[in-house]
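Working notes, beginning with the structure itself.
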Amino acid sequence: MKNKDAYEYTKVRSSIWQIAEDNGVYCTLILGSSMAVLVDTGYGNRNIREFVEKHITTPYMVINSHGHPDHIGGNHWFDTIWAAKAEWDIIRHFEEKPQSYGLKEIKTGDKISLGDLDIEIVTLAGHTRGSIGIFVPKEGILIAGDALNEGLWLFNYGALLMKDLYETLQRTIQLDFTSYLCGHSNKEYKKEKLLTHIRNIENLKVDESTKKDTIGFETYSSVYQDAIGKSEIVFTRDRLGN
């Protein structure tokens, strides 16, 4: 639906909203009975704080899934942002406005009660070293930022190696969720889709036919498709390690 602030949002669950920001970016609002959580702040061109505060009646916290500019650009609207400590320098690296808020550390394994909902922080290191996911056990959903996008980028400042991404995918698929949300879609993906990413890495294609330019980086694009779905992993050669 469209609201008067010109934000469109999808109620994936009554308690979980995917908020459409600019240029295909999505932020996630989790609404508990005594606390709410906003995951990511988009580009920040519009006042997302005003939107959040018009739609909740509880206190709330803001968590950055990772530090790329299309997910932290609205941080300046808030007083406090929570993020993994490993991601702080990435947030500062990409910060386009002077930092006017306080950064607080959130840790893998942290469990936070929102009243009728609980959330748990899980590591999704790969896309960036401090990427995290927010697991909502009651809903069986993992909010994954850009760490599990259908198109996975493994380059730019803070990205880890392909083996790290592979280990993260192998570990994540063992978690007790059934579906996940990403930072560039309002579609709910089944957990099994992670197998397509895993198989893509196991059959990684790196040759001249897969070379491309991606936002100024010389990258390779390995595409894999099976009955579950499609995976594209875009990476620079240095992400392959030794």
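A few remarks follow.
- Here is how the number arises for the chain: DSSP H runs of 4 or more residues each give -39500 (n - 2.57), the sum is divided by the residue count, and the result at 222 nm is -4500 deg cm²/dmol.
- Trypsin sites (Lys or Arg not before Pro) restricted to the range 124-229 and DSSP loop, no more than 11 other C-beta within 10 Å: none
- Length gained when the stretch Q170-K230 is fully extended (0.36 nm per residue, less Cα-Cα span): 19.9 nm
- L240-E95 FRET efficiency (beta carbon distance; Förster radius 35 Å; 0.05 resolution): 0.75
- Residue-span extension gain [V206 to E192] - 0.36 nm each, minus C-alpha spacing: 2.6 nm
- Principal axis dimensions, largest first and in whole angstrom, of the range 169-242 by Cα: 37, 26, 23
- Cα gyration tensor shape for the range 1-159, rounded if a/c is under 1.5, else prolate or oblate: rounded
- Separation of the alpha carbons by more than 27 angstrom is noted, of K163/K211; K11/K85; K107/K163; K107/K191; K163/K230; K54/K107, for K11/K85; K54/K107.
Bear in mind these aren't lab numbers, they're just calculated from the coordinates by the rules spelled out. All figures in this text were calculated on a predicted structure; none of them were measured in a lab. As a convention, Cβ positions derive from the backbone with ideal geometry for all residues, glycine included, and neighbour counts pool all protein chains shown.
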